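Inspection log for the structure reproduced underneath, given as structure tokens.
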Amino acid sequence: MIGDAAIEVIAAEGMRGLTHRAVDRAAGLPPGSTSYYARTRAALLELAIARMVELDRVDIEPPPERLAEYLAGFVCAANTMGRTRMLARYEFALEATRRPELREAYDRGGMVIRRRCREVLAAAGSPDPARHAELLVAWLDGTIFDALAGTGSRKPPTHAALIRNARDVLTALGI
């Protein structure tokens with residue numbers, strides 16, 4: 001609950017808006033509740049990152065012949081239902097460039113996503129799952145960022161366009 005509220009605060013107000021009191025309000029908790037579980041701001045940030053990693057766990061095994069549709073659905077979900085979490089993630093990414101203590105926690109979460117992507121690509125027949133995972137994650141991140149915060153946010157891609165684009169990426173990777 002506190003992790004979810006911290007993610008909401010970060011997405012809505014940025015890193016500067018993240019305070020124990022703001023999280024208490026967002027979670028509907030009595031004042032001081034958040035500081036009981038996360039004594040410092042650093043602990044609160046770590047809790048929020050841990051919650052994002054937990055929410056990002058994907059155990060679905062998409063059939064290789066439906067991988068493009070799965071990827072398009074992932075991007076659509078990130079831009080709609082997962083919008084808050086993605087905005088918070090980008091806030092964390094920027095903050096981690098300035099605060100080394102966040103870099104490690106942020107990168108741990110990113111490695112979970114990359115590992116899962118390697119597994120899915122290996123199952124789909126990728127001849128180089130590690131390299132292809134890096135390329136696919138970059139496409140996913142770029143596509144999601146553009147639709148949420150970039151110029152593409154004026155007219156986010158449709159599900160059909162995302163399927164076409166995902167197919168093009170997979171074809172370019174030899175999958």
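Using a probe radius of 1.4 angstrom, the carbon and sulfur fraction of the accessible surface of region 16-93 is 56%. The angle between the Cα long axis of helix 83-96 and the main principal axis of the chain comes to about 80°, on a 0 to 90 degree scale. As a length-normalised measure over Cα pairs under 8 Å and 6 or more apart, the relative contact order of region 82-175 settles at 21 percent. When both region 149-175 and region 100-127 are represented by their alpha-carbon centers, they are found 20 Å apart. Going by alpha carbons, how many degrees (0 to 90, nearest 10) lie between the helix axis of 2-13 and the longest principal axis of the chain? The two axes meet at around 80 degrees.
Phi angles across region 42-50 convert, under the Karplus curve 6.51 cos²θ - 1.76 cosθ + 1.60 with θ = phi - 60°, into 3J(HN,Hα) values of 4, 5, 5, 4, 4, 5, 5, 5, 4 Hz, Gly and Pro given as x.
Accessible area per residue for the chain in Å², computed with a 1.4 Å probe and the full protein assembly in place, what is it?
Counting only protein heavy atoms, the per-residue value for the chain is 55 Å².
Among the listed options (i) 18.6; (ii) 17.2; (iii) 18.0, the one matching Kirkwood radius over Cα pairs in Å as calculated from these coordinates is (ii).
Surface listing: R98, R154, R115 arranged by accessible area from highest to lowest gives R154, R98, R115, probe 1.4 Å. Phi-derived couplings, Karplus 6.51 cos²θ - 1.76 cosθ + 1.60 at θ = phi - 60°, listed residue by residue for region 15-27: 5, 5, x, 6, 10, 4, 5, 4, 5, 4, 5, 5, 8 Hz, with x used for Gly and Pro.
Rounded to the nearest whole Hz, the Karplus-based 3J(HN,Hα) values (6.51 cos²θ - 1.76 cosθ + 1.60, θ = phi - 60°) of region 131-139 follow the sequence 5, 5, 5, 4, 5, 5, 4, 4, 5, with x at glycine and proline. Taking packing as the residue-averaged number of other Cβ atoms within 10 angstrom, the listed peptides 18-27, 126-135 run from highest to lowest as 18-27, 126-135. Counting charges near R85 (Lys, Arg +1; Asp, Glu -1) among other residues having Cβ under 11 Å from its Cβ returns a value of -2.
The values are calculated or read from the model by the stated rules, or taken from the named source; none is laboratory data. Bear in mind the structure is a predicted one, so any value in this text is a computation, not a measurement. No Cβ is skipped: glycine too gets one built from the backbone with ideal geometry, and neighbour counts run over all protein chains shown. Areas reflect the complete protein model, heavy atoms only, side chains present, ligands, DNA and RNA absent. Shrake-Rupley method; radii C 1.70, N 1.55, O 1.52, S 1.80 Å.
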